[in-house]
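The values are calculated or read from the model by the stated rules, or taken from the named source; none is laboratory data. Everything quoted here is computed from the prediction, not taken from an experiment. A quick note on method: Cβ atoms are made from the backbone with ideal geometry, for glycine too, and the neighbour counts reach across all protein chains shown.
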Amino acid sequence: MASYTREVRTESGSVETVVSIRNLVRRFTLKGVLNGIDLTITKGEFVALLGRSGSGKSTLLRAIADLDREARGSGEILAPKDLLVAFQDARLLPWKRVLDNVILGLDAPDAKARGSRALAEVEMSGREQSWPYELSGGEQQRVALARCLVREPELLLADEPFGALDALTRIRMHSLLRTLAEVHRPAVLLVTHDVEEAIALADRIVMLDDGRIVADIAVTPYRATVAGHEELKLNLLALLGVEANAPPTGQSVSVS
Amino acid sequence: MNMPLARLANDDGIVVAVTNPPKPAYSHTSIETPRRRRLGLKAPLSFGWLLGPVLIVLFWGIGSAVGWIDSRILPAPWVAVSTAFDLIEQGRLQENIAVSAWRAAQGLFWGVALGVIFALLSGLTLVGGYLLDGLVQIKRAIPSLALIPLFVLWFGIGETMKVIVVALGVFIPIYIHTHNALRGIDIKHVELAESLDLTHAQFIRHVVLPGALPGFLLGLRFGVMGAWLGLVVVEQLNATSGIGYMITLARTYAQSDIILVGLVVYAVLGVSSDLAVRFLESKVLSWRRTLAK
């Protein structure tokens, strides 16, 4: 079996690089394989990881988060210790009230005050004492975001966090996440299969196919104009194997 | 004439007014007369479960009054009630209930305590599981009642033996359900705890134990019933007090009314302790949607 190393970077702030991955290979995982990934994410950068299902995007995220214990492979991952994961399901503990979910495992004496502040930031003030089952899907995902925020992570790994939400809620969550990212400046790696979401949120889009990076695009130049936005979208859809001329199914084609 | 106007947009987005809109193809609907056939059950009445028992008592009473039921086989309900009052006047009923309740309480205490300790040891550590789980599974295959002869040899026929038999009847369901719940913690919650860098102690306290609480309470419901069942057996063997002894003595003198009182007492104690656990459940598990409503 090939060797596989994982380092946790402890010093923070001094180095511009937050995540550094060299020749990462992963096999025998449930969701996909990785066939040699090289990726660097810098401080405060918002990266969207785009790809079809089975392309290996979740596998890569889980490798960075060190969540898969059965994974086999080789390569090198350099990741900060204070990284947090936002899952597709909000993963609130059903037996804890909202505030206790947010500050789960925080020992600081001002934990409650910080938790309330984080809840206010995700527009969930006054819901501290609610049970998770009393919240809608979007509200649960806000609480999950607050749970990440309150720890001020250097890196936020988001695994299709809006995948289970309805279209309108998703749009509201996009602007919320964008705002939070601008205020707190963590590096963000957002896994998604939604081209619109990737363009709306990310500074940079990394496209994954069959466990390899097939495109690495800076979004900012395209986002400035409607034509640029449209061009990037069609390019990305083509890379995803969706016919560019026909209206793609499942994607909203709205020009605003 | 006031013709209703429908404002519709055509393909070019131009709004056109249409008089005489086509008749809608829907039927009238209101809250009182839903047009959909409801297939699920309606919400049950709170005390609906009492209907069956009440009907049986009614049938029993009418049967006794009319003479269908021979009073030597089954005394009338009012005979059982007056016997119960006689027994209370003599002080026998409350005395025997107190003795039985004390035995059940001790057995319940030890059964719950040991069941939880064993379940924690074997549910939370691999070594504990290797050591204890097999033993408990083997014990589970041997009926507690079959062990009574051995317990009599070891512990005599005194209170210790009785409490041990009751405790074993409680221990097994508590252990099985708690252990099952501890080992069945959702992998997603484990991942969450890992991603938040919880310590092992925090993980146990915030994730594992509250997650296993519903399982423990289910075990407790079986356990309290098990306590009364164990009691019935030990009190009919070598006892000189308790409800079971009262029944055994009545059998000797063919006092079917006293036997009946004993059975009713067992039923009331069993059902009310089950209700008590369910009440506890609804308080402790208020985070669960099903119980909160």
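Numbers below:
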item	result
Scope the stretch A:139-167; condition modelled with pLDDT under 90, over 16 Å from A:Leu201 (Cβ atoms) and away from chain B (no Cβ under 14 Å); matching residues	A:Asp166
Scope the stretch A:123-138; condition over 13 Å from A:Asn101 (Cα atoms), of a type in the set (Asp, Glu) and more than 14 Å from every other protein chain (Cβ to nearest Cβ); matching residues	A:Glu123
Selection from the stretch A:170-213 of residues that are under 16 Å from A:Glu154 (Cα atoms) and touching a strand residue (DSSP E or B) at 6+ places or on another chain (Cβ under 7 Å)	A:Ala181, A:Pro186, A:Ala187, A:Val188, A:Leu189, A:Leu190
Qualifying residue in the stretch B:71-78 (condition: of a type outside the set (A, V, I, L, M), touching a residue at least 60 places away in the same chain (Cβ under 8 Å), exposed (fewer than 10 other Cβ atoms within 10 Å of the Cβ) and not in a helix (DSSP H, G or I))	yes
Selection within the stretch B:240-262 - free of Cβ contacts under 8 Å to residues at least 40 places away in the same chain and among the charged types (D, E, K, R)	B:Arg251
Tabulated pairs, the stretch A:80-92, first closer than 13 Å to A:Ala164 by Cβ, second at pLDDT 90 or above and in a loop (DSSP other than H, G, I, E, B), C-beta under 6 angstrom, 6+ apart or interchain	A:Ala86/A:Pro161; A:Gln88/A:Glu160
Boolean, B:Val166 is part of a helix (DSSP H, G or I) and within 30 Å of B:Met246 (Cα to Cα)	yes
Residue in the stretch B:136-163 that is nearest to A:Val102 (Cα to Cα), counting only those that are assigned to a helix (DSSP H, G or I), of a type in the set (Val, Ile, Thr) and in contact (Cβ under 8 Å) with a residue 24 or more places away in the chain	B:Val136
Spans of strands (runs of 3 or more DSSP E) in the stretch A:1-76 with at least 2 residues charged (D, E, K, R), at pLDDT 85 or above and touching a Gly at 6+ places or on another chain (Cβ under 8 Å)	A:17-27
Long-range neighbours under 7 Å by Cβ, at least six apart or interchain, first residue under 17 Å from B:Pro210 (Cα atoms) within the stretch B:263-286, second among the hydroxyl-bearing types (Ser, Thr, Tyr) and surrounded by 14 or more Cβ atoms within 10 Å (Cβ to Cβ)	none
Failed criterion for A:Ile77 (all others in (1) within 13 Å of another protein chain (Cβ to nearest Cβ); (2) out of contact with any His (no Cβ under 7 Å at 6 or more places or on another chain) hold)	(1)
Pick from the stretch B:102-151, criterion within 16 Å of B:Gly230 (Cβ to Cβ), among the β-branched types (Val, Ile, Thr) and over 22 Å from the mean Cα position of the chain (by Cα), ranking: surrounded by the most Cβ atoms within 10 Å (Cβ to Cβ)	B:Ile148
Set A:Leu99, A:Leu84: member being within 13 Å of chain B (Cβ to nearest Cβ), of a type in the set (A, V, I, L, M, F, W, C) and surrounded by fewer than 24 Cβ atoms within 10 Å (Cβ to Cβ)	A:Leu84
Checking B:Leu45 against (1) closer than 30 Å to B:Phe216 by Cβ; (2) of a type outside the set (Phe, Trp, Tyr); (3) part of a helix (DSSP H, G or I), the condition it does not meet	(3)
